[in-house]
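For reference, the structure discussed in these notes is given below.
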Amino acid sequence: MPNDLFDLTFYKELYNKEFDRKKEIDSSISYPTTLISLFIGVLLYLLNMIDFGNIKNESVLKIVLAIFFLTSFSALIIVSIGLLMTTYINLFKKYQYLPHAKQLFDKEVELLKHYRTHFLEVNKENIDQESKEWALNEFNSNLLDYYVRFTNNNQMVNDARERTYYLSRKYLLIAALVLLPLGLLIISK
């Protein structure tokens, strides 16, 4: 019997922990979003400092380096935004949820009717008690199957979201490192 072999509450807790993880990932996205806004603001401020009418007086090396850093920074920010969108929207795999309470209740009633009919046909004693036990065991077995399959899926979804979140932060750090020499190039006269 499944009740003797498996602890249903353990799998239920795992299932619920994955949704807690989902909420943590969702709430952590605001930090990189703020950094992106800040970096773009700094870039716009730096670009505003450039005197484009006097750009002919700048060395070719300085202009080429500025274009290189600007292009690199822009590409890193775009990649980071794309990764954050993938993390937040979760494009590739979806979370799996338990059926609605009404569906679970209907399944439990269906199992109870099935076992009651079966035990009537085989002339079993204590039909009500036996059919309740068997229905409960099968229902718990089905519920356990839901918990295991859905938790496994949700763990994979959360793991993928955390990987893309990590990559977006990594690209943001590199973008910050690229923004620094770009700023120094623009500020230096």
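The values are calculated or read from the model by the stated rules, or taken from the named source; none is laboratory data. Here the structure is a predicted model, which means the values were calculated and not measured. Virtual Cβ from ideal backbone geometry, glycine too; neighbours counted across all protein chains shown.
For the stretch 68-88, the candidate set comprises residues that are of a type in the set (S, T, Y), within 17 Å of Y31 (Cα to Cα) and surrounded by fewer than 19 Cβ atoms within 10 Å (Cβ to Cβ); within that set, the residue that is farthest from the chain's Cα centre (by Cα) is T86. Of K113, K56, K93, all but one fail to be among the basic types (K, R), over 28 Å from the mean Cα position of the chain (by Cα) and more than 30 Å from E130 (Cβ to Cβ); the exception is K56. Looking across the stretch 72-96, the residues that are of a type in the set (S, T, Y) and either in contact with a strand residue (DSSP E or B) (Cβ under 6 Å, 6 or more places away or on another chain) or at pLDDT below 95 (or both) come down to T86, T87, Y88, Y95.
Of all residues in the stretch 167-187, those that are under 22 Å from Y31 (Cβ atoms) have Cβ atoms under 9 Å from Cβ atoms of residues that are of a type in the set (A, V, I, L, M, F, W, C) and outside any helix (DSSP H, G or I), 6 or more apart or on another chain, in S168/I29. Taking every residue in the stretch 34-60 that is closer than 24 Å to S80 by Cβ and in contact (Cβ under 8 Å) with a residue 60 or more places away in the chain and pairing it with any residue that is hydroxyl-bearing (S, T, Y) and exposed (fewer than 11 other Cβ atoms within 10 Å of the Cβ), at least 6 positions away or on another chain, yields no pair with a Cβ-Cβ distance below 8 Å. When the criteria are applied in full, Y15 meets the requirement of being assigned to a helix (DSSP H, G or I), in contact with a Ser or Thr (Cβ under 6 Å, 6 or more places away or on another chain) and either of a type in the set (F, W, Y) or loosely packed, with under 15 Cβ neighbours inside 10 Å (or both).
The residues listed here are L91, L120, L104; of these, the one that is surrounded by fewer than 16 Cβ atoms within 10 Å (Cβ to Cβ) and either touching a residue at least 40 places away in the same chain (Cβ under 8 Å) or in a loop (DSSP other than H, G, I, E, B) (or both) is L91.
Taking residues in the stretch 128-156 that are within 16 Å of L98 (Cα to Cα), and partners anywhere that are acidic (D, E) and at pLDDT below 95, the pairs with Cβ atoms closer than 8 Å and at least 6 places apart or on different chains are F139/E108.
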